[in-house]
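**Student:** I'd like to ask some things about the structure below.
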Amino acid sequence: MRHLSIASLVLVFAACSHVARNDDCPPPWNYQQQALWPAACIEGPSRSPINITTTRSADFPQIAFHYTPFVPRMYNNHRGVKFYADNRGGSVTVTGADGRPQEFSLQELHFHVQSEHTFGSRPAPMELHMVNQDAAGNAKVVVAILFDDSTTTVNAGLREVASILPTTTCRYITPSSSIDPMKLLPDLTVNRAYYVYDGALTTPACDAGLTFFVFASRTMTNRDQVALISRVIAPNFKTIGIRELPMIPVIQLR
């Protein structure tokens, strides 16, 4: 088994660009006092995440991935780290039953430790959200990937992320190396199923209007890699207002 050194978390700051501090950092909410979050986070009809139990088969919408490597603009706000693509990370194409494709560009990706979505109330050790937006800046599609750390697999995408993960907070940082979102996707030749539902942001103000694509297949990794990520961003998962959504559509990727 390959062991990743904790030293791999350390950034070479000479190779990074630091931008002005954001005065709203850290945000006024935190994960330790979720009972104080807005009502939409706890009782909103479209709140996320959900607990997946029963399902029904469906054919649409279909999703296709066109992600490309990009150098992220990173921001650690004490609640997690966002890797902004700034429209340089490719896109996904979503096709509905009417056969009309719609493109959504990758805006940012971020991790939650442990997972927010659950299957039969059982969480995964980590979850990735890849947030995509249409050209008009209105509709958003979130690709949710859960991770399995029960193997000795070293995931190449996580290795790229861990090598640039910023410990400096409240400043935008641009590293000298890129990350490849495609390397973070699960092996879709094993299990091509995914679940689709209308949801909301999982952080305050928990605004609705997002469509989640939650993949059944998990990206394989190991405990060392999850530990490297979690040292910077954990714990940052929503525990209130978990929504039960029976008979969620399950679709096979074509």
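Please treat every number below as a calculation from the coordinates, not as lab data. From a predicted model like this one, the values you see are computed outputs, not experimental measurements. Cβ atoms come from the backbone with ideal geometry, glycine included; neighbour counts cover every protein chain shown.
**Student:** Cut-off 10 angstrom, C-alpha nodes, Gaussian network model of the chain. Which of Val131, Val190, Val143 fluctuates the most?
**Tutor:** Val190
**Student:** So, one more: Any chance you could give the angle, 0 to 90 degrees and rounded to 10, that helix 223-233 forms with the longest Cα principal axis of the chain?
**Tutor:** 80
**Student:** Under 13 Å from a point placed 7 Å out from the Cα of Arg243 along the Cα-to-Cβ direction: which residues of the stretch 24-45 have their backbone N that close?
**Tutor:** 40-45
**Student:** Just from the alpha-carbon atoms, what are the Rg and Dmax of the chain in angstroms?
**Tutor:** Just the Cα atoms of the chain yield Rg and Dmax of 17.6, 52 Å.
**Student:** What residue among Val161, Asn138, Gly99 has its Cα farthest toward the positive end of the dipole of the chain, where the charges are +1 on Lys, Arg and -1 on Asp, Glu, each on the Cβ?
**Tutor:** Val161
**Student:** Under a Cβ-only charge scheme (Lys and Arg +1, Asp and Glu -1), can you give me the dipole magnitude of the stretch 69-190 about the Cα centre, in debye to the nearest 20? Write down the numbers at each step before the final one.
**Tutor:** On the way: 10 positive and 12 negative charges, 74 e Å.
My answer is approximately 360 debye.
**Student:** Choose one of Tyr197, Ala40, Gly90: the residue whose Cα lies farthest towards the positive end of the charge dipole of the chain (beta-carbon charges +1 Lys, Arg; -1 Asp, Glu; about the Cα centre).
**Tutor:** Checking the options against the dipole of the chain, the answer is Gly90.
**Student:** Size of the dipole of the stretch 46-252 about the Cα centre, Lys and Arg at +1 and Asp and Glu at -1 on the beta carbon, nothing else charged, in debye to 20?
**Tutor:** On the way: 18 positive and 17 negative charges, 82 e Å.
Here the stretch 46-252 has a charge dipole of around 400 debye.
**Student:** Another question, then. What is the calculated FRET efficiency for Ala208 to Lys183, with r their C-beta to C-beta distance and R₀ = 22 Å, to the nearest 0.05? Intermediate values should be presented prior to the final figure.
**Tutor:** On the way: r = 31 Å, r/R0 = 1.40.
Given R0 = 22 Å and the Cβ-Cβ separation, E is 0.10.
**Student:** Given the chain, what percent of its DSSP beta bridges are antiparallel, to the nearest 5? Each step should come with its number before you reach the end.
**Tutor:** Numbers: 51 of 66 bridges.
If I count the DSSP bridges inside the chain, around 75 percent turn out antiparallel.
**Student:** In Å, what Kirkwood hydrodynamic radius results for the stretch 145-190 from the alpha-carbon pair distances? If you can, show how the numbers build up before the last one.
**Tutor:** Values: mean 1/r = 0.0797 Å⁻¹.
Its Kirkwood hydrodynamic radius stands at 12.5 Å.
**Student:** Another question, then. Under 8 Å for C-alpha pairs, at least 6 residues apart: give me the relative contact order for the chain, rounded to a whole percent.
**Tutor:** Working: 631 pairs, mean separation 76.9, N = 254.
So the answer I get is 30 percent.
**Student:** Determine, for Met247, Met130, Met220, the number of other Cβ atoms within 10 Å of each Cβ, and report the residues in order from fewest to most.
**Tutor:** Working: Met247 9, Met130 25, Met220 17.
Sorted ascending by nearby Cβ count, the order is Met247, Met220, Met130.
**Student:** Can you check what the net charge comes to around Phe111, using other residues whose Cβ is under 10 Å from the Cβ of Phe111 (Lys, Arg +1; Asp, Glu -1)? Please report the intermediate quantities before stating the final value.
**Tutor:** Values: positive: Lys82; negative: Glu127.
Every neighbour counted, the sum reads 0.
**Student:** From the helices alone, meaning DSSP H stretches of at least four residues, give me the mean residue ellipticity at 222 nm for the chain, per-run term -39500 (n - 2.57), in deg cm²/dmol to the nearest 500. Let's see the in-between values first.
**Tutor:** Working: 3 runs with 25 residues, N = 254.
So the calculated ellipticity at 222 nm is -2500 deg cm²/dmol.
**Student:** Along each of its three principal axes, how wide is the spread of alpha-carbon positions in the stretch 215-254, in whole angstrom units, largest first?
**Tutor:** 36, 31, 12
**Student:** Kindly state, to the nearest 0.05, the FRET efficiency for Leu253 paired with Thr152, given R0 = 22 Å and r defined as their beta-carbon distance.
**Tutor:** Working: r = 27 Å, r/R0 = 1.22.
For Leu253 and Thr152, the calculated efficiency is 0.25.
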